[in-house]
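S.K.: Handing you this structure, nothing more for now.
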Amino acid sequence: MIVPMKTAFLLISRQDRDEALEGLQRLGVMHLSVLDALESEEVEEARVELDRLRQLRERLPHEFGKEDLECAPGDRFDLQEVWRILDRRRRLREKLEELDAECERIRPFGTFDPETVRFLAKRGLTVRLYQSSGAMEPEIPSGAIAVETSRDRERVCFAVIGFGELEVQATEVALPARSLNELEAERQRLASEIEAVNASLAKYAGCVEQLQQEHIEALDRLRFVRARASLAEQGPAFCLKGFVPESGLEDLRRKAADSGWGLYVRDVRKDESPPTLLRLPAWVRPIRSVFELIGVVPGYFETDISTPFLLFLSLFFAMIVGDAGYGALFVGGSLLARHFTSIPRQAFQLLLIMSLCTVVWGLLIGNIFGLPRLPAFMEPLGADWLTGPSSDRHLMLLCFIIGAAQLTLAHIWRLLLLLPELRFLAQLGWIMITWSMFFAARSLVLLEPFPGAMLWVLAAGIGLVVVFMLPLRSFAANWSEYVRLPLDLISSFVDLVSYIRLFAVGTATLAIAAAFNEMAVEVGFQGVLSGAAAAGIIFFGHTLNILLAGMGVLVHGVRLNTLEFAGHTGIQWTGTPYTPFAYAQRGTLG
């Protein structure tokens, strides 16, 4: 469910401003309505500091060996000093790259002193550097000589020496400012400086705990200065607006009374944008991982569809992957990841749920690693309706049934929310339209006869939608909804048909697995080499297939929930996550 919010206004005296903000941050229940227009130089400085610390947390520990990750006694992490060292190293590396490029450019011409060349030019003797294709023999001007300095398959490098102006049909190479020996010496000096800079940086690499604490403090500081920048002047005081969950309202009232703040609380208005705080049952919480991955949050005034989202996504995952063997691998992989890595608990639970669903579905359709037949002891686990001669038709029909059921659930949801307004009858009309589209899709794709009675159902559904879509008082302002109705009807049919992608992608996964299995069988397992080649084909093929199936889940399985289902439920994912003004906790930074 979406936790109800209240709009709160705090009135704080000028002299107590910073102390009040610290107390509010310590309380940690109020989501501030901070405006970007109130950004200040202080806020920008705090943001830059936080960004630098975030970069250092990611970079420093990976630049040095494990033995270097011990912070020396008395060491104090100094952000400005570390950033100065990193900036100096960056500039040194850029210079080193420029020197490397210059050395590579003139090395084919050997070692010579450019000053000598310039000295000779003043006396009338011209020396120019050229390169040309190895297949070309450029014509040398009369009275001049060419000295080849290097040659490879692609080019020939040479110098032309003569008096006066020289014109050669080849690519001229500019004379360097310094000799190759000088550039190499400069390169060695820069490399030594970079080593010295790395040595001075290494002493900070082990201060992981201090860096973590600095990061937390910087995040708290940014939140604090943004809150301070958002204060609105109200005579001799400041006003702060925010949103508070009803469960935290009593704590805020108590804190305001103890601290002498003025507090005004009212219900959230429709023209406001309160944050969304989802409170989910324990078994539904794994779906948070998907919301965080794709970056969607339902709006405060929208509907929480977390439960059906988890159920349908698990089913879609199973149907798209469609292989009990892959599902078993996912189960084992998720258990190993949980044991040996720090995978978040909710992500682990989500992967485990979907993996187990894949195992069950794969057994029902009789598919394990794309093998032509299940092992004898597993054959009774398959469903005849999904494995028999007409299994493809049955699977496509099942996709349409699932689509119609999910879209029907979406409209039932909206219907219940609209009660007791008569507009709920429009949602009843959309349910009738949805099932009419189901029979239309069945007729067009599976060539089944279209029941004549469904035409009356379709007409009745359209009638209910036209009459009860909008309140009559808002007809003048929203007449465009009726103009768009034909497009909405077409969209309803397209949305239902789009569920066929579950069958298409699942069938493609099976076909790819079977194809690689056949390739491996053709290579054979008669000898060591052929066996190794066949095993390589199987490993590569199934690994590729798993990756493609994973992409299919993201592209198709998630889409059916976030677009088709959510669209019919009326969700536009316009929400802002509830992030209270609070001190950061050590475990929240990743």
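The values are calculated or read from the model by the stated rules, or taken from the named source; none is laboratory data. Keep in mind that this is a model prediction, so the values were computed, not measured. Quick reminder, even Gly has a Cβ in these numbers, built from the backbone with ideal geometry, and neighbours come from all protein chains shown.
S.K.: If G262 satisfies every condition in (1) more than 19 Å from Y583 (Cα to Cα); (2) at pLDDT below 90 but one, which is the exception?
M.R.: Single failed check for G262: (2).
S.K.: With the requirement that a residue be crowded, with 21+ Cβ neighbours inside 10 Å and within 20 Å of the chain's Cα centre (by Cα), what does segment 567-586 give you?
M.R.: G575
S.K.: Additional query: Taking segment 89-143 as the search range and keeping residues that are among the hydrophobic types (A, V, I, L, M, F, W, C) and outside any helix (DSSP H, G or I), which one is surrounded by the most Cβ atoms within 10 Å (Cβ to Cβ)?
M.R.: If we take residues in segment 89-143 being among the hydrophobic types (A, V, I, L, M, F, W, C) and outside any helix (DSSP H, G or I), then L129 is surrounded by the most Cβ atoms within 10 Å (Cβ to Cβ).
S.K.: Quick one: which residue in S289, S306 is out of contact with any Ser or Thr (no Cβ under 9 Å at 6 or more places or on another chain) and within 14 Å of I571 (Cβ to Cβ)?
M.R.: One residue alone meets the criteria, S306.
S.K.: Out of L263, L278, which single residue is among the hydrophobic types (A, V, I, L, M, F, W, C), farther than 30 Å from L510 by Cβ and in contact with an Asp or Glu (Cβ under 7 Å, 6 or more places away or on another chain)?
M.R.: L278
S.K.: Filter segment 254-272 down to the residues that are surrounded by 15 or more Cβ atoms within 10 Å (Cβ to Cβ) and either assigned to a loop (DSSP other than H, G, I, E, B) or in the same structural domain as S314 (by TED's automatic domain parsing) (or both) and list them by number.
M.R.: Selection gives W261, V268.
S.K.: Out of segment 160-188, which residues are more than 18 Å from E104 (Cβ to Cβ) and not β-branched (V, I, T)?
M.R.: Selection gives G162, F163, G164, E165, L166, E167, Q169, A170.
S.K.: Being aromatic (F, W, Y) and either in contact with a strand residue (DSSP E or B) (Cβ under 7 Å, 6 or more places away or on another chain) or farther than 29 Å from I343 by Cβ (or both) is true for just one of F565, F503. Which residue is that?
M.R.: Checking each option against the conditions leaves just F503.
S.K.: State yes or no: is R26 modelled with pLDDT of 90 or more and surrounded by fewer than 15 Cβ atoms within 10 Å (Cβ to Cβ)?
M.R.: For R26, the condition - modelled with pLDDT of 90 or more and surrounded by fewer than 15 Cβ atoms within 10 Å (Cβ to Cβ) - is met.
S.K.: Residues that are at pLDDT 90 or above and within 30 Å of G295 (Cα to Cα): does segment 523-541 have at least one?
M.R.: No, that holds for no residue.
S.K.: Within the group L293, L310, L315, which residue is closer than 25 Å to H411 by Cα, in the same structural domain as M551 (by TED's automatic domain parsing) and within 22 Å of the chain's Cα centre (by Cα)?
M.R.: Result: L310 is the single residue among L293, L310, L315 that is closer than 25 Å to H411 by Cα, in the same structural domain as M551 (by TED's automatic domain parsing) and within 22 Å of the chain's Cα centre (by Cα).
S.K.: Another one. Restricting the first residue to segment 493-520 and requiring it to be farther than 19 Å from L547 by Cβ, which pairs with a second residue that is acidic (D, E) meet a Cβ separation below 7 Å and a spacing of at least six or different chains?
M.R.: What qualifies is D495/E564; S498/E564.
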